[in-house]
Amino acid sequence: PKEATNLITNPSYEYGTATLGTIESAVLGTTSQYQQFGAWSLFCVPSSNGTSGATLGTYTEAGGVDYAFSAHVRGVNGVPYMLAAANALDEKLGSVAFTGNGQWQYVVGSYTGLTATSRHLIVRKDGNSNQGTFYVDGAQLEVGSVSTHIDGDQAGCAWLGAPHNSQSYRSGQYRGGGS
C-alpha cells in the first residue's frame, strides 16, 4: 500500500475537458468508446503540426522534490508520442518518448522538481504530421515513485474537493493500490 495524492484533477475525464488545454490546435473531447477507468476517456485529434497534443492538468511543482507521472495512452500505430512535465515555455523535465501501437500503453516517467513553478502534464506527438485520433485515460502525477492509479471514485480513494474537479487521495491503509 502507498498513501499518495494524484495532483492531476479530473484524471479519468468524467468532468469533460474543462480543465485541459490544447497544444498546436488539437481538438479535445471525451468518449465512452475507449476507456481504462470509469466511463470516459479523453480523445485528442491532433493537427498536422508535429508537436500537436494536449495538456492533461496543471500543478505547482516544488524544487528538490521527486515526482512520478503516468497515463494510459492509446496511440495510432507507428506514430511517435511524448508524455512529459512541461512549463509554459515547453521546457520539459522527465519526458518519455514512446510509439503508438493501436492498443492501450501504460507510460511512466519521473523527474526532480527544479523550483516552485506552475507546470503541466502533457501528451503530444513527437515530430509527426499524422492527424489520427489518440486517447488518454488515468493521468497521474504524484510525489515520490509511481503507484497505481488514484481517482476519487475508486475504492480506498477520495476527492479532496469537488468530485472529478479536484485532486484525489488514496489512503495508505488501503491494500488495493500502491507501489
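The table below lists the values:
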{"quantity": "Per-region count, region 128-158, residues open to solvent by less than 40 Å² (accessible area, probe 1.4 Å), under 23 Å from ALA85 (Cα atoms) and in a strand (DSSP E or B)", "calculated": "9"}
{"quantity": "Where a residue in region 73-96 is charged (D, E, K, R) and its partner, wherever it lies, is at pLDDT 95 or above and open to solvent by less than 40 Å² (accessible area, probe 1.4 Å), with Cβ under 6 Å and at least six apart", "calculated": "ARG74/TYR135; LYS92/ALA84"}
{"quantity": "Options TYR34, TYR13; residue that is open to solvent by less than 20 Å² (accessible area, probe 1.4 Å) and more than 21 Å from ASN87 (Cβ to Cβ)", "calculated": "TYR13"}
{"quantity": "Selection from region 58-82 of residues that are in contact with a strand residue (DSSP E or B) (Cβ under 8 Å, 6 or more places away or on another chain) and among the small types (Gly, Ala, Ser)", "calculated": "GLY64, ALA68, SER70, ALA71, GLY75, GLY78"}
{"quantity": "Residue list for region 107-127, filter: closer than 16 Å to ALA54 by Cβ, modelled with pLDDT of 95 or more and open to solvent by 40 Å² or more (accessible area, probe 1.4 Å)", "calculated": "ASP126"}
{"quantity": "Matching entry among SER41, SER52 (being of a type in the set (Gly, Ala, Ser) and in contact with a Phe, Trp or Tyr (Cβ under 8 Å, 6 or more places away or on another chain))", "calculated": "SER41"}
{"quantity": "Conditions (1) out of contact with any strand residue (DSSP E or B) (no Cβ under 8 Å at 6 or more places or on another chain); (2) open to solvent by less than 60 Å² (accessible area, probe 1.4 Å): number failed by TRP104", "calculated": "(1)"}
{"quantity": "Count - residues of region 37-62 that are in contact (Cβ under 8 Å) with a residue 60 or more places away in the chain, open to solvent by less than 30 Å² (accessible area, probe 1.4 Å), not in a loop (DSSP other than H, G, I, E, B) and not polar (S, T, N, Q)", "calculated": "7"}
{"quantity": "Residue match in region 107-123 (condition: assigned to a loop (DSSP other than H, G, I, E, B) and among the aliphatic types (A, V, I, L, M))", "calculated": "yes"}
{"quantity": "Tally, over region 63-101, of residues that are small (Gly, Ala, Ser) and open to solvent by 30 Å² or more (accessible area, probe 1.4 Å)", "calculated": "6"}
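The values are calculated or read from the model by the stated rules, or taken from the named source; none is laboratory data. The structure presented is a predicted model; accordingly, all values stated were derived computationally and were not measured. No Cβ is skipped: glycine too gets one built from the backbone with ideal geometry, and neighbour counts run over all protein chains shown. Accessible surface is based on the protein model in full, side chains and every heavy atom, while ligands, DNA and RNA are left aside. Shrake-Rupley method; radii C 1.70, N 1.55, O 1.52, S 1.80 Å.
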